[in-house]
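**Student:** What follows is a structure written as C-alpha cells; I'll ask about it next.
The values are calculated or read from the model by the stated rules, or taken from the named source; none is laboratory data. A quick note: this is a predicted structure, and the numbers were derived from the prediction, not measured. Because the Cβ atoms are built from the backbone with ideal geometry, glycine has one as well, and the counts that use them run over all protein chains shown. Protein only, heavy atoms only, side chains kept; ligands, DNA and RNA dropped before computing areas. Shrake-Rupley method; radii C 1.70, N 1.55, O 1.52, S 1.80 Å.
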Amino acid sequence: VQLQASGGGLVQAGGSLRLSCAASGITFSRYGVGWFRQAPGKEREFVIRIVGTGGTTRYADSVRGRFTISRDNAKNTVYLQMNSLRPEDTAVYYCAASSLGYGIIYARNYHYWGQGTEVTVSS
C-alpha cells in the first residue's frame with residue numbers, strides 16, 4: 001500500500017494550492033481519506049476528510065470555507081484545494097487512509113499514511 005502526497009510549495013498569503021494524494025495497493029473507494037498537518041513544534045492536527053464514496057466531508061473549523069476536498073476514485077486520487085491561505089497554514093501536510101467510519105479526526109484511526117508535502121505560506 002502506498003499513498004503519495006504532492007503539490008506543496010511556497011505561496012503568498014491569500015494564494016491557493018492544490019494538493020494531491022495518489023493511492024495504490026488498496027481498494028480505494030472503500031477508504032475514507034483525511035488530510036492532517038503538522039507545523040514545526042506542534043502536534044499533528046486533523047484538517048479535512050472525505051468518505052470513500054465522496055459523499056460526505058468533514059472540516060476542521062480553522063479551514064472551513066477555505067479548503068475543499070474531493071476525490072476521483074477512477075484515478076485513486078484525493079485532492080485538497082486550499083484557498084485564501086494564511087501563514088498559520090504553514091505545515092507539512094499528510095494524507096492518510098482509513099476504513100473506519102468513526103473517530104476520523106484522530107490520526108490513530110488511520111491505517112495508511114503518505115510521506116507528507118510541505119506547504120509554506122509567506123506573509
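**Student:** What are the residues in the stretch 4-23 that are in a strand (DSSP E or B), open to solvent by 40 Å² or more (accessible area, probe 1.4 Å) and either of a type in the set (Ser, Thr, Tyr) or at pLDDT below 95 (or both), if any?
**Tutor:** Across the stretch 4-23, the qualifying residue is only SER6.
**Student:** Hey, any hits in the stretch 30-50 for a residue that's buried (at least 16 other Cβ atoms within 10 Å of the Cβ) and more than 14 Å from the chain's Cα centre (by Cα)?
**Tutor:** No - not one qualifying residue is present in the stretch 30-50.
**Student:** Ok, one more. Right, ASN83: surrounded by 14 or more Cβ atoms within 10 Å (Cβ to Cβ) and out of contact with any Lys or Arg (no Cβ under 8 Å at 6 or more places or on another chain) or not?
**Tutor:** For ASN83, the condition - surrounded by 14 or more Cβ atoms within 10 Å (Cβ to Cβ) and out of contact with any Lys or Arg (no Cβ under 8 Å at 6 or more places or on another chain) - is not met.
**Student:** Sticking with this one: Taking TYR106 and the conditions (1) open to solvent by less than 30 Å² (accessible area, probe 1.4 Å); (2) in contact (Cβ under 8 Å) with a residue 60 or more places away in the chain; (3) within 18 Å of LEU3 (Cβ to Cβ), which numbered condition does it fall short on, given that it satisfies the others?
**Tutor:** Evaluating TYR106 over (1) open to solvent by less than 30 Å² (accessible area, probe 1.4 Å); (2) in contact (Cβ under 8 Å) with a residue 60 or more places away in the chain; (3) within 18 Å of LEU3 (Cβ to Cβ) leaves (1) as the failure.
**Student:** Of all the residues that make up the stretch 59-71, how many are more than 11 Å from the chain's Cα centre (by Cα) and open to solvent by 50 Å² or more (accessible area, probe 1.4 Å)?
**Tutor:** Residues meeting the conditions: 4.
**Student:** Let me ask something additional. Tell me the residue from VAL63, VAL92 that is of a type outside the set (Phe, Trp, Tyr), within 16 Å of THR120 (Cα to Cα), modelled with pLDDT of 95 or more and not in a strand (DSSP E or B), please.
**Tutor:** VAL63
**Student:** Would you confirm, using the coordinates I've provided, whether TYR79 is under 12 Å from GLY34 (Cβ atoms) and modelled with pLDDT of 95 or more?
**Tutor:** No: the conditions fail for TYR79.
**Student:** Okay, next question. Across the stretch 95-123, which residue is farthest from ARG37 (Cα to Cα) among those that are in a loop (DSSP other than H, G, I, E, B) and touching a Lys or Arg at 6+ places or on another chain (Cβ under 8 Å)?
**Tutor:** So, considering only residues that are in a loop (DSSP other than H, G, I, E, B) and touching a Lys or Arg at 6+ places or on another chain (Cβ under 8 Å), the one farthest from ARG37 (Cα to Cα) is SER99.
**Student:** When the stretch 66-89 is examined, which residues are found to be in a strand (DSSP E or B) and of a type outside the set (S, T, N, Q)?
**Tutor:** PHE67, ILE69, ARG71, ASP72, VAL78, TYR79, LEU80, MET82
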